[in-house]
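Okay, so here's the structure we're looking at.
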Amino acid sequence: MFWYHEDIERLEEEINELEYNPRLIFYGSSTFTLWSEITTLFKKYDPLNLAFGGSTLAACTWFFDRVFKNIKKVDAIIIYAGENDLGGGRHPEEVVLFLENLLAKIRCKYGAIPCTFVSIKPSINRWHLSGSIRYTNSKIKELTLKDLNFHFLNIYDFMLDKTGNPNAKYFIEDGLHLNKKGYQILLTELKKHTEFFPQPKLVN
């Protein structure tokens, strides 16, 4: 996990320099890291983007205590991770186990706050893992039956074309990361999910 330390140190510095108390936290991998508009789009929820590039669910779980050490209170957490675990050869059941461990850490520190898992997307570059991605998403969705404050947000289906394959119009050239149209889908689905966000504040 040593290769993440530079990013983790960056996050720690950002947290130490915060001039507000974050209420809505985005946590996970580069799908969030590269979404530079998060703090603007979700401004009324006092958001904080704690994603770090290339992260796995294993890494998110491993570094949770360190990253969230100085964040005393959070109202909701949105998670996108797991794709890199599968891309690195981990079995779907391992990915689900890492998520269960992460949720346990969140519950221990923040209680029964709303947590949302954004489904693993159907990346073109990883379409050879489509079976594992679908299985992982389905198993994670099942976790919502065990925890009433854990929610599953499906973006997978909206990024497929009419033939059931990944739609290239939602991805940049690497076939892995989202472009503006891809992020618009994510934003649209998150906006349908705001009942699980903190109470919005009035923004001038």
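Listing for the model above:
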quantity: Unmet criterion (only one of (1) over 16 Å from the mean Cα position of the chain (by Cα); (2) of a type in the set (A, V, I, L, M, F, W, C); (3) not in a helix (DSSP H, G or I)) for residue 25; calculated: (1)
quantity: Residues satisfying the stated conditions in the stretch 127-151, i.e. among the hydrophobic types (A, V, I, L, M, F, W, C), over 26 Å from residue 195 (Cβ atoms) and surrounded by 14 or more Cβ atoms within 10 Å (Cβ to Cβ); calculated: 129, 133
quantity: Criterion: in a helix (DSSP H, G or I), under 20 Å from residue 193 (Cα atoms) and either hydroxyl-bearing (Ser, Thr, Tyr) or touching a Pro at 6+ places or on another chain (Cβ under 8 Å) (or both) - qualifying residue of 61, 40; calculated: 40
quantity: Qualifying positions in the stretch 104-122 - touching a strand residue (DSSP E or B) at 6+ places or on another chain (Cβ under 6 Å), surrounded by fewer than 22 Cβ atoms within 10 Å (Cβ to Cβ) and not β-branched (Val, Ile, Thr); calculated: 114
quantity: Residue match in the stretch 161-183 (condition: hydrophobic (A, V, I, L, M, F, W, C), in a loop (DSSP other than H, G, I, E, B) and surrounded by 12 or more Cβ atoms within 10 Å (Cβ to Cβ)); calculated: yes
quantity: Matching residues in the stretch 1-54 - criterion: being more than 17 Å from residue 79 (Cβ to Cβ), basic (Lys, Arg) and either surrounded by 15 or more Cβ atoms within 10 Å (Cβ to Cβ) or touching a Cys at 6+ places or on another chain (Cβ under 7 Å) (or both); calculated: 44
quantity: Extreme residue, nearest to residue 144 (Cα to Cα), among residues of the stretch 64-103 that are in a loop (DSSP other than H, G, I, E, B) and touching a strand residue (DSSP E or B) at 6+ places or on another chain (Cβ under 7 Å); calculated: 81
quantity: Some residue of the stretch 128-139 being part of a helix (DSSP H, G or I) and touching a Cys at 6+ places or on another chain (Cβ under 7 Å); calculated: no
quantity: Enumeration of residues in the stretch 12-35 that are of a type in the set (Ser, Thr, Tyr) and either in contact with a Leu (Cβ under 7 Å, 6 or more places away or on another chain) or at positive phi (or both); calculated: 27, 31
quantity: Some residue of the stretch 138-161 being basic (Lys, Arg) and out of contact with any Asp or Glu (no Cβ under 8 Å at 6 or more places or on another chain); calculated: yes
quantity: Among (1) over 30 Å from residue 129 (Cα atoms); (2) touching a Gly at 6+ places or on another chain (Cβ under 6 Å); (3) not β-branched (Val, Ile, Thr) - the single one residue 44 does not satisfy; calculated: (2)
quantity: Given (1) out of contact with any Asp or Glu (no Cβ under 9 Å at 6 or more places or on another chain); (2) charged (D, E, K, R); (3) within 19 Å of residue 195 (Cβ to Cβ), index of the condition residue 7 fails; calculated: (3)
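Coordinate-derived values only; no laboratory data. As the structure is a prediction and not an experimental result, all values here were calculated from the model. As a convention, Cβ positions derive from the backbone with ideal geometry for all residues, glycine included, and neighbour counts pool all protein chains shown.
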